[in-house]
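To start, the structure itself, in C-alpha cells.
Just so you know, all these numbers are worked out from the coordinates, no wet-lab data involved. Since we're looking at a predicted model, the values are computed, not measured. Here the Cβ positions follow ideal geometry from the backbone for every residue, glycine too, while neighbour counts run over all protein chains shown.
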Amino acid sequence: MKSIGIFQHWGLGDLLMTVPVLSELRRLHPAAQIVLIVRGKAQAALLAKSPLIDKILEVPPNSEKLDLLRFFWSLRQYHFEAVYIGTRITPLVPLLLRLVTGVSTIIGDGNRLGWLYTHRNTIDPAVHRVDRMLQTLSLWTGHKVEEPDFPLPIAEEPRRLAMATLEAQGLTNARFFTIHPGSSRGPGIEKRVPVRLVKDVIAGLRKYDPDLRFVILFGPDDQDLIPSFTPPEPGISLISGASLDETKFVLSRSWGFLGSDSALGHIAASAYNVPTITPIGPTNPLETHPYNALSRIVQSREEFDCRPCWFTPLQGNCPHAARCMTTITVDQILDVVATWPKHRISAKSAMVPEPGVHAAE
C-alpha cells in the first residue's frame with residue numbers, strides 16, 4: 001500500500017477520536033503516504049507534527065461548490081489506493097471521491113448510497129465513535145484493534161510557552177483542576193457548562209481540597225464567557241488565546257478536568273489520561289463521551305423525551321432553554337471527584353472505578 005487518504009472534516013473532538021484509526025494505519029503500512037483531509041485551521045493544527053501522517057489538506061466548505069470540485073480533482077495527484085471516511089460524514093464525500101477523484105476503494109459507515117463504499121459499516125448510536133470507526137477500518141484491514149492508541153505530540157516551542165504561562169501563574173508544581181465551560185458556536189452553544197455550575201463546582205472543590213488550584217480555559221468561541229469569571233478569585237487562573245499545542249500541554253499537566261462534550265475533554269482523557277467529567281445534555285453520551293476508563297459523564301436527573309436531540313430537528317433549537325444542562329447539580333460533579341485520589345496515577349490501568357460510580361463505557 002503506497003498512498004492512503006483519511007477524510008475527517010468534523011470538529012476537533014471527532015478528529016481526536018479518529019487518531020486510533022491513523023495509528024493503526026501507520027502500524028499496518030509504515031511506508032505508506034498517509035494524507036489527512038480536514039476542515040479548519042484548528043483541526044489541521046491538532047496533528048500538524050504527528051508522525052502518523054505525511055500531509056494535511058484542508059477541504060473547502062460544501063457551499064463553495066466550484067472550489068470543492070477543484071479540490072477533489074486535485075486529490076488525483078496522490079493516487080490514493082484507498083480512502084477511509086470518518087463516521088457520520090455526508091455521502092457527498094464518497095460520491096466526489098469516486099466520480100471526481102477516481103478512488104476505487106472507499107471505507108466508511110454511511111447509511112445512504114451504500115453502493116459508493118467498497119467496505120461499509122452501519123451507524124449504531126449505541127457504539128462509541130472510536131470503537132465504530134475501528135470496526136469500520138477492520139472491515140478493510142482484517143485486523144481487530146484491542147487497545148486504541150491516541151498519540152498526540154506537543155511541539156517544543158508551544159510547550160515552552162505553556163510552561164512559562166503556568167510558571168507565571170504559580171502553577172508549575174501545583175495541582176490544578178482545569179475547566180473548559182465553552183463549546184463551539186452555533187448549535188454547540190447548547191452544550192456549554194452553565195457558568196453557575198462552574199462557580200459552584202469550584203466552591204465545592206475548595207472545601208474538598210483547600211490546596212487545589214483552578215485553570216479556566218477559553219477558546220476563540222468562548223470569549224463572551226470571560227466577563228462571567230472576571231476578575232478571577234484568588235487561586236483561579238484564566239487562560240485565553242493559547243495555541244492548541246499550549247492548551248494540550250496545560251491539559252496534560254492537569255489533575256482533573258471538567259468540560260462540555262467538546263474537543264478538550266477528549267484530548268485530556270484520551271491523549272493524556274486525565275480524569276474527566278463531562279456534563280452532557282443534547283448529545284448522545286454512549287457515542288461521544290471521552291474515551292478513557294477514568295472519564296465520567298454526568299446528566300440531569302430530570303427526564304427529557306427529547307434527549308439526546310443531536311441529529312434531530314431540535315439540534316440547536318431547544319424549546320426548553322437547555323434545561324438538560326442547567327438542571328445538572330454541583331453534587332453530581334463533586335460525588336465523582338470524591339472518588340479520585342488526590343495524587344493522579346498516570347497509568348490508564350492503575351485506577352479502578354469506585355463501586356457505584358458511572359464510568360463511561
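Quick one: compute the contact order of region 239-285, relative version, from alpha carbon pairs under 8 angstrom and 6+ residues apart, as a percent.
Here the relative contact order equals 34 percent.
Using +1 at the C-beta of Lys and Arg and -1 at the C-beta of Asp and Glu, which of T18, L171, V215 has the Cα lying farthest in the positive direction of the dipole of the chain?
Most positive-ward Cα: T18.
Residue by residue through region 279-290, which ³J(HN,Hα) values in whole Hz follow from phi under the Karplus form 6.51 cos²θ - 1.76 cosθ + 1.60 (θ = phi - 60°), with glycine and proline marked x?
Here the 3J(HN,Hα) series is x, 10, x, x, 9, 8, x, 5, 8, 10, 5, x Hz.
Which value in nm describes the separation of the simple spin-label points at F311 and A126, placed 7 Å from the Cα toward the beta carbon?
The modelled label-to-label distance comes out at 1.4 nm.
Charges only on Cβ, +1 for Lys and Arg, -1 for Asp and Glu: so what's the dipole of the chain about the Cα centre, in debye to the nearest 20?
540 debye
Under a point-charge model restricted to the Cβ atoms of Lys and Arg (+1) and Asp and Glu (-1), what is the dipole moment magnitude of region 157-337 relative to its Cα centre, in debye to the nearest 20?
220 debye
Name the residue, out of L264, L152, L66, whose mean-square fluctuation peaks in a Gaussian network model built on the chain with Cα pairs under 10 Å.
Of L264, L152, L66, the most mobile in the Gaussian network model is L66.
Have a look at H266, P319, L139 and report the one farthest towards the positive end of the charge dipole of the chain, computed about the Cα centre with Cβ charges (Lys/Arg +1, Asp/Glu -1).
Value: L139.
Using each residue's phi in region 141-148, evaluate 6.51 cos²θ - 1.76 cosθ + 1.60 at θ = phi - 60° and report the 3J(HN,Hα) Karplus result to the nearest Hz, with x for Gly and Pro.
7, x, 10, 8, 8, 7, 10, x
Compute the long axis of helix 65-74 from its Cα atoms, compare it with the longest principal axis of the Cα atoms of the chain, and write down the angle in degrees, 0 to 90, nearest 10.
Roughly 70 degrees between the two axes.
Determine ³J(HN,Hα), in whole Hz, for all residues of region 223-231 in sequence, where each value follows from phi through the Karplus function 6.51 cos²θ - 1.76 cosθ + 1.60 and θ = phi - 60°; x replaces Gly and Pro.
4, 5, 7, 4, x, 5, 10, 10, x
What is region 216-308 by shape, rounded, prolate or oblate, if you read a ≥ b ≥ c off the alpha carbon gyration tensor as root eigenvalues and call it rounded for a/c under 1.5, prolate for a/b larger than b/c, and oblate otherwise?
The shape class here is oblate.
In whole Å, what is the distance between the alpha-carbon centres of region 102-148 and region 218-255?
The two parts, judged by their Cα centres, are 36 Å apart.
Near the amide H of I179, under 5 Å away, which other amide H atoms are found, from residues 5 or more places off or on another chain, if H is placed in the peptide plane?
V215, I216, L217, L258
Using a Gaussian network model of the chain with C-alpha springs under 10 Å, which one of W340, W73, W115 is most mobile by mean-square fluctuation?
For the chain, modelled as a Gaussian network with Cα springs under 10 Å, the answer is W115.
Return the long-range amide H neighbours of I297 (sequence gap of 5 or more, or a different chain), with a cut-off of under 5 Å between placed amide H atoms.
T278, A360
Using Cα centres only, tell me the gap between region 267-334 and region 6-44 in whole Å.
25 Å
Can you tell me the relative contact order of region 3-141? Whole percent, Cα pairs under 8 Å, sequence separation 6 or more.
23 percent
DSSP loop (so not H, G, I, E, B), at most 15 other Cβ within 10 Å: list which trypsin sites (Lys or Arg not before Pro) in region 10-81 pass both filters.
Here the sparse-neighbourhood loop sites are K49.
With +1 on each Lys and Arg Cβ and -1 on each Asp and Glu Cβ, and nothing else charged, work out how big the dipole of region 121-189 is about its Cα centre, in Debye to the nearest 20.
240 debye
GNM on the chain, C-alpha springs below 10 Å: top fluctuator among V100, V35, V274?
Maximum among the listed residues: V100.
Quick check: from the Cα gyration tensor, does region 207-255 come out rounded (a/c under 1.5), prolate or oblate?
In terms of gyration-tensor shape, oblate.
Taking amide hydrogens as modeled 1.01 Å from N in the peptide plane, which residues meet the under 5 Å criterion relative to G110, leaving out close sequence neighbours?
Residues meeting the criterion, in which the H sits 1.01 Å from N, are N121.
Return a whole-number percent for the relative contact order of the chain, with Cα pairs under 8 Å and 6 or more residues apart as the contact set.
14 percent
Would you mind checking the tilt of helix 12-28 against the longest principal axis of the Cα atoms of the chain, expressed as 0 to 90 degrees and rounded to 10?
Here the helix axis deviates by roughly 50 degrees.
Rounded, prolate or oblate: which fits region 3-141, taking a ≥ b ≥ c as square roots of the Cα gyration tensor eigenvalues, rounded meaning a/c under 1.5, else prolate when a/b beats b/c?
Cα axes put region 3-141 in the rounded bin.
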